[in-house]
Amino acid sequence: MANQQFDIVVLGGGSAGYATALRAKQLGFSVAVIEKDKLGGTCLHRGCVPTKSLLHSAEIADVARTGAAYGIESSVSRIDIAGVLGFKDKLVAGKFKGLQGLLKANGITVIEGEGKLVAANTVDVAGEQIVGKHVVLATGSYSRTLPGLELGGRVIASEHALELQEVPAKVAILGGGVIGVEFASVWRSFGAEVTIIEGLPHLVPNEEESVSKQLERAFRKRGIDFKLGVRFQSVSQNDSGVVVSLESGETVEADYLLVAVGRGPVTQGLGFEEVGIEMDRGFVLTNERLATNVSGVYAVGDIVPGLQLAHRGYQQGIFVAEEIAGLNPVVVEDVNVPKVTYCDPEIASVGLTEAKAAEKYGAENITAYEYNLAGHAKSSILGTAGTVKAVRVNDGPVVGVHMIGARVGELVGEAQLIVNWEAYPEDVAPFIHGHPTQNETIGETMLKLAGKPLHAI
């Protein structure tokens, strides 16, 4: 069979892969995307989109339960899990169809099948050689587990949790990071008893410590149990449930154990090492321009060490296409990539925590301020608690913004601009933030750091 020739061959059609392809096509390159499953990858089919669908259904249930506080007589008679899953599946199917149409409209060649890198410029798909002047590796990630902990039966990963045909009466979650707290939030809203097991001292341990503590308080108030600083030992299961044993000697009984200990790179058996690409524990190593050590080969998304976020994948895909085109795009460090955790209450952050800023600049050279949502009108209307915390270098820019509370994920766009454009609080303070909105909490925080607080002391 004759080789197919392209300017750029992208191995993987998830967030990072299809973003690479779309931007490359805009820049005049011929592009092929090789995908063994479905365009959109984990994010669209087993991650971001379906989990946020469940979280929205959960939010509606919570709003209905609290209607009386707002003068609305409402309640939740039951959770129709078939309807919840139906909404999710319809949403995903619609976005998948739209994505297929988008790539087709842009003239991007999509090749179905499992690809294997056989040379620096060649990917083999079922015996057919797909040749590119440049190859971009974007093969994504999978749900990790712990050594000796096998998935199966009532021990499940997030993709299995998305398809559960029941609301568990009791569920245990191994891991208190993003995936763990989001599913905990969903299941608790649906009426389940939830216990999170986290080996580190706090939930969402990569966030600002004050944010982690506030989430823990909120989860206690919601009736979500968690065990911190304790390690998993083993699990046994039968037809009706699981018993999780911890190194502390405690046990947790539940209908299911969700393993939410992170995601690993999908790189094994794909020919990367044989072609000479430098790897580390399965991840593809690149320089800051996302080029591997093999000329003409780049890597993007979850297989590159660092944050595993769909929007980071989009940014890296666009970056690589522009890099190949010689446009010299701007590097965005991982620390300045916005993060959102969609539990209740929501968490959003960008930039350095106070502790990391102190390490980098010296504790005496930074100032942090935490604006409490308790005195804020829109937050009170929404019935949310939380804070917006900003960290600045003294007489210098804001280097971090960390938020917890209802709808704060929608605020991270402005926070990202402040941090990435190295804005001073004095630069932002004169700007007008609509009242009453959650957005004005950023304005209040900047006013305080600029030395002219309005609704703060």
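The values are calculated or read from the model by the stated rules, or taken from the named source; none is laboratory data. The structure displayed is predicted, hence computed values, not measured ones. All Cβ positions, even for glycine, are placed from backbone atoms using ideal geometry, and neighbour counts span all protein chains on display.
Quick notes on this structure:
A quick yes/no check of all residues on (1) crowded, with 16+ Cβ neighbours inside 10 Å; (2) of a type outside the set (Ser, Thr, Tyr); (3) in contact (Cβ under 8 Å) with a residue 12 or more places away in the chain; (4) over 23 Å from residue 303 (Cα atoms):
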| site | (1), (2), (3), (4) |
| --- | --- |
| 90 | no, yes, no, yes |
| 101 | no, yes, no, yes |
| 106 | no, yes, yes, yes |
| 132 | yes, yes, yes, no |
| 157 | yes, yes, yes, no |
| 170 | yes, yes, yes, yes |
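- Members of region 437-457 found to be more than 24 Å from residue 343 (Cβ to Cβ) and surrounded by fewer than 18 Cβ atoms within 10 Å (Cβ to Cβ), listed by number: 450, 451, 452, 453, 454, 455, 456, 457
- Criterion (touching a residue at least 12 places away in the same chain (Cβ under 8 Å), in a strand (DSSP E or B), on the phi < 0 side of the Ramachandran plot and buried (at least 18 other Cβ atoms within 10 Å of the Cβ)) met by exactly one of 257, 270: 257
- Residue in region 184-202 that is over 23 Å from the mean Cα position of the chain (by Cα), buried (at least 19 other Cβ atoms within 10 Å of the Cβ) and not in a strand (DSSP E or B) present: yes
- Conditions (1) crowded, with 21+ Cβ neighbours inside 10 Å; (2) in contact (Cβ under 8 Å) with a residue 40 or more places away in the chain; (3) outside any strand (DSSP E or B); number of the one not met by residue 288: (1)
- Scanning region 42-60 for residues that are more than 14 Å from the chain's Cα centre (by Cα) and crowded, with 22+ Cβ neighbours inside 10 Å yields 54, 58.
- Flag for residue 434 being surrounded by fewer than 17 Cβ atoms within 10 Å (Cβ to Cβ) and in contact with a helix residue (DSSP H, G or I) (Cβ under 8 Å, 6 or more places away or on another chain): yes
- For the condition buried (at least 16 other Cβ atoms within 10 Å of the Cβ) and under 30 Å from residue 289 (Cα atoms), residue 138 qualifies.
- The residue that is nearest to residue 186 (Cα to Cα), among those in region 66-84 that are more than 28 Å from the chain's Cα centre (by Cα) and in a helix (DSSP H, G or I), is 67.
- Just one of the numbered conditions (1) touching a helix residue (DSSP H, G or I) at 6+ places or on another chain (Cβ under 8 Å); (2) over 30 Å from residue 201 (Cβ atoms); (3) part of a strand (DSSP E or B) is not true of residue 135: (1).
- Any chance residue 322 is under 27 Å from residue 120 (Cβ atoms), surrounded by fewer than 17 Cβ atoms within 10 Å (Cβ to Cβ) and modelled with pLDDT of 95 or more: no
- Test: residue 281 is basic (Lys, Arg) and without any contact (Cβ under 8 Å) to a residue 24 or more places away in the chain: yes
- Yes/no for residue 406 being part of a loop (DSSP other than H, G, I, E, B), surrounded by 14 or more Cβ atoms within 10 Å (Cβ to Cβ) and touching a strand residue (DSSP E or B) at 6+ places or on another chain (Cβ under 8 Å): no
- Where residue 354 falls short, out of the listed (1) of a type outside the set (A, V, I, L, M); (2) crowded, with 22+ Cβ neighbours inside 10 Å; (3) touching a strand residue (DSSP E or B) at 6+ places or on another chain (Cβ under 6 Å): (2)
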